[in-house]
Structure formats: structure tokens, C-alpha cells
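Below: the structure, in C-alpha cells.
The values are calculated or read from the model by the stated rules, or taken from the named source; none is laboratory data. Just so you know, these numbers come straight off a predicted model, no measurement behind them. With ideal geometry, Cβ positions are generated from the backbone for all residues, glycine too; neighbour counts draw on all protein chains shown. Heads up: the accessible areas ignore ligands, DNA and RNA and are worked out on the full protein's heavy atoms, side chains in. Shrake-Rupley method; radii C 1.70, N 1.55, O 1.52, S 1.80 Å.
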Amino acid sequence: MDIGAGITTGTTELREATKMERIGVHSHITGLGLDDRLEPRPISQGMVGQMRARKAAGVILRMLSPSSFSSSSTVSAAAPGLSGRAILLAGPPSTGKTAIARGMAATLGPDVPFTSITASEVYSLSMSKTEALTQALRRSIGVRIREEEEVVEGEVVEIVVERGITGSGKSGRVILKTTDMETVYEMGGKMIDEMTKEKVLAGDIISITKSSGRITKLGRSFSHSRDFSLLSPSTTFIPTPSGEILTRRTVTHTVSLHEIDIINSRTQGFLALFAGDTGEVAAPLRAQIDVKVGEWREEGKAELVTGVLFIDEVHMLDMECFSFLNRALEGELAPLVVMASNRGVARIRGTEMRGPHGLPPDLLDRLLIVATSKYNPDEVREIIKIRCQEEDVEVGPEAEDLLVEIAGDAGMRYALGLIAVSQVVARKRVKFSGGGSEAVEVEDLRRAYGCFMDPGRSVQWLKEQQGSLLV
Ligand code: ATP
């Protein structure tokens, strides 16, 4: 969409972009595990325990996006006045602060932006710290844009694909039957590819978006009733001079302010979004985009979607970043900022002062603090079970007991890391002993434990090696 003054949202290209997700340390988390009254279920959506913190996270999300927990798939706009809020998830290591942030992200609707960074990411050679923070903040504000698309809708009666006619080597004709006439639709290579991808056959009802050439299969024509109002009751059919039946459809897309910045940056452009190396964006361009988005909002063409910026290890930010964030949170275009820290009273980077969680008092003052606490052995066991399922590893009952014990002594993250390693050990055991079960047993776990040190043993080892290691 062109937003004037040569500024575009690049929504067409962005819609085409696909996102890939891998199994990761938090991939078992599919939500906050709350019911409609925001009450946490003891074990739900991959989340175990941390009831108070999960409930608090849910309350924050409800304020941000009232429909997040309803059955409706649409997420309404942010509650007015919520922007500029910040919360701190504070608690010992491995108590689920990042897991809760992931749960929040999974609970928000797909068009509510959620950005996750670790504080140390702002220290980069390619851009200043404040630019890195600005980009993260702007990635967390969505602009939901309403656009009118022209589409041709109809039943495909015949598809003829001819080769070698156009430069791209592929072209074709699709004969569409529309409400009151037949239309021969000439197609280029890209649209033929779209037809192939969508597996369009004669008899299918399709729509072709005029601007992008996107083809969508709407269904099959069983009745041949040609009652297209059944397919898209909200659209109006406008006969055009060329004889095609065009419908105008209002569609909405959400792009982040950062995406609009980059797409319109003279030095960057759309592809930089995929490379991830976006460089700095000129301040006047951002100001121009903010004015344009403001005009859109007034004209009713767009609305802002307040998203979430998660900053892990927030104590790694320095004083310059903290004062920048403090000011940024007061701006009109500020997302909800969720910070996490496992530090107690610590030095505030860039100063000689110390502060709770390594944060300066003026920032701390404006935060809502949500505490996470250590797990009891039953909760640890449940988390281990969920992770074993997620990683598809069978663990015998005695080995499971041992894993719970190891998590208590050496930390949850270490114990969870042992699951995959001990599976490799178990498979090796089966291979070399010529049979048996691949389920992880105590003996496999002990081997894995012997191969890899936990933080406590590593400190002990360092003490023993004093004098023989370089400093
Ligand atoms: P740190 O302070 O070290 O960054 P953290 O508090 O962010 O730690 P996580 O990284 O969230 O801790 O937790 C460690 C591991 O345990 C992750 O794999 C996480 O998904 C899992 N985990 C932690 N808490 C829960 C929970 N309540 N339910 C399910 N899984 C959890």
C-alpha cells in the first residue's frame, strides 16, 4: 500500500513472507495456561506452577488485548492508555521468566507484535545502542491497515496453459465463469505458478487479487448455482467495461512500524528485513512515517496495535539505555515492555551505583514487578516430563527420579539439557550391547552427567586448576 510521499507499507511482500519455527528450549510452551477468568490451571499449555506470575501476566495481556482469552480469533485494538507500561519479571535463574514471556507471546493474537531481545544485543558495531532499542520498540508496535483490494471471483471452467509465449516461458488462459458472463483471463508465469501451488482445477471457485496476482481457492462449485453471495457475502460485484466482474474487498494487514521504516529507507529496502542487517534508520524518515500513520488513523484507514517488547537479562543494559527507555516509554508510540532479570542488588552498568536488579531507581519506580519463585520437586518433575515428551525421549521411572534430583542440585536448565544427551548415550548402549530398550536409564544418565559439568562442578574444577590455566 502506498501511503503517500513515496512511503509504502510493503504489505504485499510481507504477506508472502513465511516464518519458520524450530523446536527450542521453550517450544513446549503454547500459552499461559489460564482459563477465561484468568485463573491459571496447574499444568496447562506446557506451563507448570508459577501461578501468581502467570496470572499477573494474563492480567497485563487482558489489558493489552481484551479478546486474547476469548474464543474469537480476532484481537481487538489495545486498550487506550496502556502503552508505555513496563513490567519486570524478577526471580532466580530457571524459574520460567522467559517461559512466561513466551506464553504471553503465544496468547496474543497473530497480528499483535511480540519482540524478544536479550539486553546484550543492543551492543552492536553496526548501530548505536539507542538505535537498536528504537528498532526493537518499533518492531513491537503494529499498524493494522485496511486496504481495498480488487479481486476477480468466479468458477474456473477451463484452464489452458501454453508454453513459450511470454518471455518467462509460461503463460495461459483461464476461463472463468462469473455471475453473468464468461471471462477469459490471461495469465503470466507467476500466476500460473500460483494456480499450480493452489492446485486449482476446473470447477473450483477462485479469487484472483488484481494487484498481486494472488490466487485463493474458495471452494468447489457443486451446485453451479452461481450464487456468489454465498461465498463472500460482504463483497459487492461491480461489472467493469472489460467485462470482468470485479469485487472490492476490504482486507486488513498488520505491519510493524519498524517494517514500514525499513521498507521506506532509501539505503535499506525490503530485502534487509530478511537479511536482518537493517542498519540505522534516519530520524527524519521515522518522523515522516509517524505523521503519515497519524493521518491514516484520523482518516480511519489504520489503527495502532500495541505489542510487547521482551528484554531478557535487562541488567545488561547501561545507564544510557535506561534513561533512553524511560523517555521512550512516555512517547505515544510505546509498546508494553516486559523485562526480566535474575539479579539481586547489582551494579547499574555505566555507573558506580548499585540498584535492585541492576536497575536505576527512576526506572524501577515505573515498573510493575512480578516475582517468580523456585519450583518444588513435583513441579520440576512435571516440567521434566513435558520436556521429555517434547523431545520425544522415553525416560525410565528411576532415571526420572534422578533427573529431578539433579535439577535440584545442579539447576533445572542443566537437568533439561541432559535429556537429549542421555538419549544419545542410551542409543549407543543399545547399539553396542546388541539390543534392549532405548529408554533412558539411570546408567545412561550417570554417563551423561559424567561427560558434562554443571556450573557448580565447573567452578570447583576451576579452583582445582588454579595456577595451571591462563588468566
Ligand atoms: P534465567 O534467569 O536463567 O534467564 P528464566 O527464569 O528465564 O531463567 P527459563 O529459561 O524460562 O528461566 O526456564 C528454563 C527452562 O525451564 C526452559 O526450558 C523453560 O521453558 C522451562 N520452564 C521454566 N519454567 C517453566 C514452567 N513454569 N513451565 C514449563 N516450563 C518451564
Qualifying residue in the range 330-352 (condition: within 16 Å of the ligand (Cβ to nearest atom), in contact (Cβ under 8 Å) with a residue 60 or more places away in the chain and hydroxyl-bearing (Ser, Thr, Tyr)): yes
Lone unmet requirement of (1) open to solvent by less than 70 Å² (accessible area, probe 1.4 Å); (2) more than 18 Å from ASP401 (Cβ to Cβ); (3) assigned to a helix (DSSP H, G or I) for ALA448: (2)
Looking only at the range 36-46, and only at residues there that are at pLDDT 90 or above and of a type outside the set (Val, Ile, Thr), the one that is farthest from the ligand (Cβ to nearest atom): GLU39
Residue count, the range 96-123 (criterion: more than 8 Å from the ligand (Cβ to nearest atom), in a loop (DSSP other than H, G, I, E, B) and in contact with a Leu (Cβ under 9 Å, 6 or more places away or on another chain)): 3
